[in-house]
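The values are calculated or read from the model by the stated rules, or taken from the named source; none is laboratory data. Everything numeric in this text was worked out from a predicted model, so none of it was measured. Every residue, glycine as well, gets a Cβ built from its backbone with ideal geometry; the counts of neighbours run over all protein chains shown. Protein only, heavy atoms only, side chains kept; ligands, DNA and RNA dropped before computing areas. Shrake-Rupley method; radii C 1.70, N 1.55, O 1.52, S 1.80 Å.
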Amino acid sequence: MATTLSVLQEELASVDSELQAVELQVQELLERQQELLKKKTVLAKKIKQFSDTESGSSKNTESAAESWNKEDFPWSTKVRDMLQSNFKLPRFRPLQLETINVTMAGKDVFLVMPTGGGKSLCYQLPAVCSGGFTLVICPLISLMEDQLMMLEQLEVSATLLNASSSKEHVKWVHAEMLSHSSQLKLIYVTPEKIAKSKMFMSKLEKAYQAGRLSRIAVDEVHCCSQWGHDFRPDYKLLGILKRQFPNASLIGLTATATSHVLCDAQKILCVQKCITFTASFNRPNLYYEVREKPSTAQDFIEDIVKLINRRYKGLSGIIYCFSQKDAEQVTMSLQKLGIKAGTYHANMEPKDKSKVHKHWSANEIQVVVATVAFGMGIDKPDVRFVIHHSMSKSMENYYQESGRAGRDDQKADCILYYGFGDIFRISTMVVMENVGQQKLYDMVSYCHSMSRICVCRCRRVLIAHHFDEAWDSANCNKMCDNCCREESFENMNVTGHCQDLIKILKQVDHMKEKFTPLKLTDAWLGKGLSKLGVRDVVAPKLPREVLERIIAHLILQQYLKEDFSFTAFATISYVKIGPRADLLKNKGHVINMQVITRKNSIAKVRSPQLSSPESLIRKKMEVTCKKQQNERKRTHSKNPTQAKKSKTAINEEESELMIIED
Ligand code: ADP
Ligand code: MG
Ligand code: ZN
């Protein structure tokens, strides 16, 4: 009896373990299915675009755009006249006419257009050409003030209502909303006004009934969706507008919206049927580059100064920093080295902020060193470079910030310095945000030349994929670092490294300790391995940067994960074993990481527009590279275990090359 029981138990255990293995495989296959489905969508889009251009036939959105790109509507003459006489603009930019026609026809429309593309005109001009007034919802007072200033110059009657409006002003606006003889064309309000002021809603209702509310414009419409990069809770309540005022046409505008965000926003705004126009996100004149952040602050500043003094001599630019403190320190360092730099961040006095902005606009300051606070409303056309001292917290942010370069359509550079430590500085900052971490990881993936659906060379393709736009790297015209490289990408098998890290983390956990990414890297490098007692982990003979990149890669791939701990003063990110680590129980499971391999010499990575002042740096790297190679040869001959693992040796060779990519 007892033996039968134990046999059964054994059998059960074996079935259990097989089940576990099957479950892992299922999970893996499901993930693969997701990847393939995404890939399929993009490919289908590409094919459609391709066949549309080939056959010359244009369907759906394109045909929609085509049928609205006309000037024989009843309002067309007036619109054209007002564009030139009132707005003093000679012609429309792409998709402006189409959007204006749809909203003039009383239909709902969404316009996705990169920052600086000219979205405001698409509701300002119709407002002037229509009876009644247009209600504009805008997330920031400063944005409204910018627009009001411009409208005042153009002698268009517009105003804003916010919490600090005086009683008299509010009274005047309320009266104008109802008066049939009013000249007031645009009323700007924050979403809070709609959400919180019953008084204002009741006036709107009266105005609507009197046929005076002709149009509703929701600017920065991505704020509705928590998938957008700056979700505003009050935007969620704006659905009331379309429900209460179904006959007022709605126009939603945004610079950055994936199709996901857009659908979400339409749902939240209760828009039943609408036409969506999407301008391309491609900025052909921008050169994109990602650099490894130098390890010391001193080297880093020298790198930046070299750029500013040579490549960008006398040219205007912005340096985006992670924190106010960073911005202040970088400004000081630059000033010490003779560069005309000014700081800009949210914690400065308004007058100091506008002083910096003014001096920079007048080219009296060459570089603004800023936090993300330096953003909306910045419209300097000849910004020749935007340097990211740290990566942005999301691709949307990066696109907007880097997009401030080259508004004049002349060539400009967007250089991002990628630092391992920045990942965790930012992740602890966004930990409270709903999808903050996923967005950050998308940003890190971009730095690693990966996107959700592919590993890829061209930065433009990565950006396009992020915004769900189908794009071909051939259209990059060598305007990104990866397209300029002569090396190729190859797979490096990091499975063994992952297993080692898991061993270390298991031991750490066993000892009831926690490791920050820094400590984990140190331990892996051999500092404290013996103390930990993980004897069979040998410190890899790889440069620190490569180890860091492997750890980051494994976090992105969820073999490792971040684990946050809150103290009264700070949030700390620790590294733990991630959900996919279980997959390694599967013998055949392999984790690959893309690395750049060198062909013959260090490739010339440079912006095509500019001569190459980097040759010196390259020389220096060549020397470092040789030194490292020699050192490696020595360690290899000294270390028989390394020599035996020929596969590892090749990988090491590859990854060594990776860090000299700059
Ligand atoms: P967005 O809201 O898309 O970021 P804005 O509406 O603020 O962009 O416009 C950016 C700049 O482009 C403004 O200075 C505006 O005057 C200018 N602009 C808009 N439309 C045109 C046009 N058709 N021709 C020339 N300039 C334009
Ligand atoms: Mg705008
Ligand atoms: Zn490219």
Item to check | Lone qualifier among 279, 248 - being small (Gly, Ala, Ser), within 16 Å of ligand 1 (Cβ to nearest atom) and open to solvent by less than 20 Å² (accessible area, probe 1.4 Å) | outcome: 279
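Quick one: which residue in 144, 149 is modelled with pLDDT under 95 and open to solvent by 40 Å² or more (accessible area, probe 1.4 Å)? Give the steps one after another, and end with the answer.
Working: 144 fails: open to solvent by 40 Å² or more (accessible area, probe 1.4 Å).
149 is the lone residue from the list that is modelled with pLDDT under 95 and open to solvent by 40 Å² or more (accessible area, probe 1.4 Å).
Does residue 77 satisfy the criteria of being in contact (Cβ under 8 Å) with a residue 12 or more places away in the chain and either away from ligand 3 (no atom under 16 Å from the Cβ) or of a type outside the set (D, E, K, R) (or both)?
Values: in contact (Cβ under 8 Å) with a residue 12 or more places away in the chain: no; either away from ligand 3 (no atom under 16 Å from the Cβ) or of a type outside the set (D, E, K, R) (or both): yes.
Taking the combined requirement at face value, the residue does not satisfy it.
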Checklist entry - Would you pick out the residues in the range 97-120 that are on the phi < 0 side of the Ramachandran plot and near ligand 2 (Cβ under 10 Å from one of its atoms)? => result 113, 115, 117, 119, 120
Checklist entry - Would you say residue 609 is modelled with pLDDT under 95, open to solvent by 30 Å² or more (accessible area, probe 1.4 Å) and under 26 Å from the mean Cα position of the chain (by Cα)? => result yes
Item to check | Search result, residues across the range 232-270 that are in contact with a helix residue (DSSP H, G or I) (Cβ under 6 Å, 6 or more places away or on another chain) and either within 16 Å of ligand 3 (Cβ to nearest atom) or part of a loop (DSSP other than H, G, I, E, B) (or both) | outcome: 232, 245, 256, 257, 269, 270
Item to check | Failed item in (1) within 21 Å of residue 492 (Cα to Cα); (2) within 27 Å of the chain's Cα centre (by Cα), with residue 562 passing the rest | outcome: (1)
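Considering 507, 499, 557, which residue is modelled with pLDDT of 95 or more and open to solvent by 40 Å² or more (accessible area, probe 1.4 Å)? If you could, list the steps in order and put the result at the bottom.
On the way: 507 fails: modelled with pLDDT of 95 or more; 557 fails: modelled with pLDDT of 95 or more.
Being modelled with pLDDT of 95 or more and open to solvent by 40 Å² or more (accessible area, probe 1.4 Å) holds for just one of 507, 499, 557, which is 499.
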Next on the checklist: Anything in the range 457-499 that is within 15 Å of ligand 3 (Cβ to nearest atom) and within 20 Å of residue 593 (Cβ to Cβ)? List them, or say none.
Outcome noted: 457, 458, 459, 461, 462, 465, 481, 482, 485, 487, 488, 489
Checklist entry - Taking the stated definitions as given, is residue 211 within 30 Å of residue 97 (Cβ to Cβ), open to solvent by less than 10 Å² (accessible area, probe 1.4 Å) and touching a residue at least 60 places away in the same chain (Cβ under 8 Å)? => result no
Checklist entry - Considering the range 316-330 alone, what residues qualify as being under 18 Å from residue 289 (Cα atoms) and either touching a Ser or Thr at 6+ places or on another chain (Cβ under 8 Å) or part of a loop (DSSP other than H, G, I, E, B) (or both)? => result 320, 321
Item to check | Subset of the range 435-492 that is aliphatic (A, V, I, L, M), crowded, with 18+ Cβ neighbours inside 10 Å and in a helix (DSSP H, G or I) - its residue that is farthest from ligand 1 (Cβ to nearest atom) | outcome: 444
Item to check | Counted residues, the range 320-376 - those being of a type in the set (A, V, I, L, M, F, W, C) and within 15 Å of residue 297 (Cβ to Cβ) | outcome: 8
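Say we look at the range 152-182 and pick out the residues that are among the hydroxyl-bearing types (Ser, Thr, Tyr) and open to solvent by less than 50 Å² (accessible area, probe 1.4 Å); which of these is farthest from ligand 2 (Cβ to nearest atom)?
Within the range 152-182, the first condition is being among the hydroxyl-bearing types (Ser, Thr, Tyr), and the residues that meet it are 157, 159, 164-166, 179, 181-182.
After this cut, where a residue has to be open to solvent by less than 50 Å² (accessible area, probe 1.4 Å) as well, the list is 157, 159, 165, 179, 182.
Working: 157: 20, 159: 18, 165: 22, 179: 29, 182: 25 Å.
Looking at residues that are among the hydroxyl-bearing types (Ser, Thr, Tyr) and open to solvent by less than 50 Å² (accessible area, probe 1.4 Å), I get 179.
Tally the residues that are open to solvent by 70 Å² or more (accessible area, probe 1.4 Å) and touching a residue at least 12 places away in the same chain (Cβ under 8 Å), restricting the search to the range 512-544.
Summing the residues that are open to solvent by 70 Å² or more (accessible area, probe 1.4 Å) and touching a residue at least 12 places away in the same chain (Cβ under 8 Å) in the range 512-544 gives 5.
Residue 364 - would you say it is free of Cβ contacts under 8 Å to residues at least 12 places away in the same chain, open to solvent by 70 Å² or more (accessible area, probe 1.4 Å), farther than 30 Å from residue 470 by Cβ and out of contact with any Ser or Thr (no Cβ under 8 Å at 6 or more places or on another chain)? Let's see the steps before the verdict.
Numbers: free of Cβ contacts under 8 Å to residues at least 12 places away in the same chain: no; open to solvent by 70 Å² or more (accessible area, probe 1.4 Å): yes; farther than 30 Å from residue 470 by Cβ: yes; out of contact with any Ser or Thr (no Cβ under 8 Å at 6 or more places or on another chain): yes.
No, not satisfied.
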